[in-house]
Amino acid sequence: MRSSNNPALTRSPAFNGRGAPPVDDPLEYAYRAPSATARQTGRMTVDSVVERTTLLLGVALLTGAATWALGLGRLAFPAGLVGLVLALVIIFKQVTNPGVVMAYAAIEGVFLGGISQYFNAQYPGIVIQAVAGTAGVTAVMLGLYRSGRIRVTPKFTKMVVGATMGFLALIVVNLIASFFTDGGLGLREGPLGILVGLVAIGLASLNLVLDFDLVESGARQGVPERYGWFAAFAIMVTLVWLYIEILRLLAILRGSD
């Protein structure tokens, strides 16, 4: 199976090709039936991942809205740290428990609600634009993938993974530099910030395609049903990255008006 840049999927034996069921699995016939569901077959389906991703986003939306409405934006930073730690636990421990995954979504919602409130206070209406942009980019990339206009080949995967790792390394260097110089390397401001933002959005979008492909491949190979939660978590991680990058880019563009 092809590999994704998303560590939540690549570290999982269910998604990296080492957890596929045997060919003579007695559930194979039922699994391939048009009406088969994850509960009936005991295997993950694309529909089950979509449903669970939607549920996780709904949980994040509720906690984010509550954070905003109650003026708890100050909780964004600690929630972000807790969310990061929990995400790493889920990834490295291969957690598929729905309660833990939904807890991550709830905490991430607090983080997103807090930073969204902060940006919206400076640039009214920017959050709606960012949400619409995230939904639009996701729909376009899914459409391109499903239509076959973007094909996930080994070469394509290596290019996206390499570019993403290089970008993340650059961002880390910029973060370290910001401890010594205001604005770090200036990667998040002015014309350079716009360019970096566009590159980040492009990479996040391409990583979504890799995630779509890996989930679809996992469903074809019949990975266990419980990994539907793990896959939904992984997709949510990429969507959060995409949203943050769009929010940043919009802030730079509106700040330069």
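The numbers here are math on the coordinates, done by the rules we state, and not lab data. Source: prediction; values computed, not measured. Cβ: placed from backbone, ideal geometry, glycine included. Neighbour counts: every protein chain shown.
Which values, in whole Å and largest first, are the semi-axes of the equivalent ellipsoid of segment 122-176 obtained as the square root of 5 times each eigenvalue of the Cα gyration tensor?
The three semi-axes for segment 122-176 are 26, 24, 4 Å.
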The size of the Cβ-based charge dipole (Lys, Arg +1; Asp, Glu -1) of segment 106-231 about the Cα centre, to the nearest 20 debye, is 460 debye
Proxy exposure order for Leu175, Leu72, Leu250, Leu242 (fewest C-beta within 10 Å first) is Leu175, Leu72, Leu250, Leu242
Among Leu195, Leu242, Met141, the residue whose Cα sits farthest towards the positive end of the charge dipole of segment 43-255, when +1 is placed on the Cβ of each Lys and Arg and -1 on the Cβ of each Asp and Glu, is Met141
One point scatterer per Cα, no solvent, Debye formula: log10 I(q)/I(0) for segment 132-248 at q = 0.09, 0.18, 0.20, 0.22 Å⁻¹ comes out as -0.29, -1.00, -1.15, -1.29
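Can you tell me the order of 161-167, 64-70 when each peptide is scored by its average per-residue count of other Cβ atoms within 10 angstrom, highest first?
So the peptides 161-167, 64-70, ranked by packing, come out 64-70, 161-167.
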In debye to the nearest 20, the charge dipole size for segment 43-255, taken about the Cα centre with +1 at each Lys and Arg Cβ and -1 at each Asp and Glu Cβ, equals 320 debye
Short to long, in 5 Å steps from zero, the percent of alpha-carbon pairs of segment 43-255 per bin is 1, 7, 13, 17, 20, 19, 13, 6, 3, 1, 0
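For segment 182-257, count the residues as N, evaluate 2.2 N^0.38 Å, and divide the Cα radius of gyration by that value, please.
For segment 182-257, the normalised Cα radius of gyration is 1.44.
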Other residues with Cβ under 13 Å from the Cβ of Gly193 give, with Lys and Arg +1 and Asp and Glu -1, a net charge of +1
